[in-house]
Amino acid sequence: MKVVITKDYTEMCKLASRIFAAEITLKPDCVLGLATGSTPVGMYKELVEMYNEHRVDFSQVKTVNLDEYAGLSGDNDQSYRYFMNHNLFDHININKENTNVPNGTAADLEAECERYEQVVASMGGVDVQLLGIGNNGHIAFNEPCEEFPEKTHVVNLTQNTIEANARFFASMDDVPKKALTMGIGTIMKAKKIVLLANGAKKAQTIYDTVYGPITPKVPASILRLHPDVTIFVDEEAGALLKK
Ligand code: PGA
């Protein structure tokens, strides 16, 4: 695992965006694993800027997102499909048919998870996977638990995550309590992984991820067993690593 401490959020986003742009340059039909949340917004802005400057071409790129809220359709402005369209896909020359987000309104959520797992496998695996990290160490919506979940599954969100997500919803009752998420096994199959974290709230979980025991109680800690992971943190999120 490589850890890069950047001076601030802007620098973190710039550096991470270059890894994705380089991947597209080397392999124009690559599969990118994408993430939502406030952390990657700046990186997506960088990619849009690079696209506008003709430095990157998304015409053959395929994408798979990590997760989606159960019960929210793609036109709900809090859904992750909406987030991806709004923050990235609507601003670049990607073919939307090549973009995948789990369907949060599928009649049978378990069947949707199985379908999604097959979609990821049928694309030949993810070339570069982007991850954020929850304050509690979750990656995608793999919450702290007793064992690492392997495949795409339906998850009950923890109170900690529901509270962290509440800032985007009108009321606590509106915050979804369930989600569909790639499993830890699905994520670990990616060839390369880039994790981003910024802000003081992430400092303890970044410390635990890098130096603590590898345990499903800190889901991101398993990334230490992956051969190609780079963690970019700003000074605040990396503060405990320097002591
Ligand atoms: P955030 O969420 O980027 O909004 O902090 C990250 C996550 O929960 O994975």
Completion exercise
Checked segment 154-207 for anything in contact with an Asp or Glu (Cβ under 6 Å, 6 or more places away or on another chain), at negative phi and not β-branched (Val, Ile, Thr); matches are Ala179, Leu180, Gly183, Gly185, Lys191, Lys192, Asn198, Ala200
Exercise for the section: Can you confirm whether segment 189-200 contains a residue that is within 15 Å of the ligand (Cβ to nearest atom), in contact (Cβ under 8 Å) with a residue 24 or more places away in the chain, out of contact with any strand residue (DSSP E or B) (no Cβ under 8 Å at 6 or more places or on another chain) and open to solvent by 20 Å² or more (accessible area, probe 1.4 Å)? Expected result: yes
Problem - Qualifying positions in segment 78-108 - of a type in the set (Lys, Arg) and touching a residue at least 12 places away in the same chain (Cβ under 8 Å) - result: Arg81
Handout entry: Residues (open to solvent by less than 10 Å² (accessible area, probe 1.4 Å) and over 14 Å from Asn136 (Cα atoms)) located in segment 210-225
Key = Leu223
Completion exercise
Cβ pairs under 7 Å, 6+ apart or interchain, first in segment 148-160 and without any contact (Cβ under 8 Å) to a residue 40 or more places away in the chain and farther than 13 Å from Cys113 by Cα, second assigned to a strand (DSSP E or B) and of a type in the set (A, V, I, L, M, F, W, C), ordered by first then second residue, are Leu157/Ala179
Practice task
Identify the residue in segment 15-59 that is part of a loop (DSSP other than H, G, I, E, B) and within 16 Å of the ligand (Cβ to nearest atom) and, among all such residues, is most open to solvent (accessible area, probe 1.4 Å).
Solution key: Ser38
Exercise for the section: Hey, could you check segment 116-144 for residues that are more than 8 Å from the ligand (Cβ to nearest atom), among the aliphatic types (A, V, I, L, M) and not in a loop (DSSP other than H, G, I, E, B) and say which is nearest to Thr105 (Cα to Cα)? Expected result: Val119
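Can you name every residue in segment 153-174 that is assigned to a loop (DSSP other than H, G, I, E, B) and within 17 Å of Asn135 (Cα to Cα)?
Residues satisfying the conditions are Leu157, Thr158.
The values are calculated or read from the model by the stated rules, or taken from the named source; none is laboratory data. As the structure is a computational prediction, the values presented were derived from the model and not from experiment. Every residue, glycine among them, receives a Cβ derived from its backbone with ideal geometry; neighbour counts consider all protein chains shown. Ligands, DNA and RNA are excluded from the accessible area calculation, which covers all protein heavy atoms including side chains. Shrake-Rupley method; radii C 1.70, N 1.55, O 1.52, S 1.80 Å.
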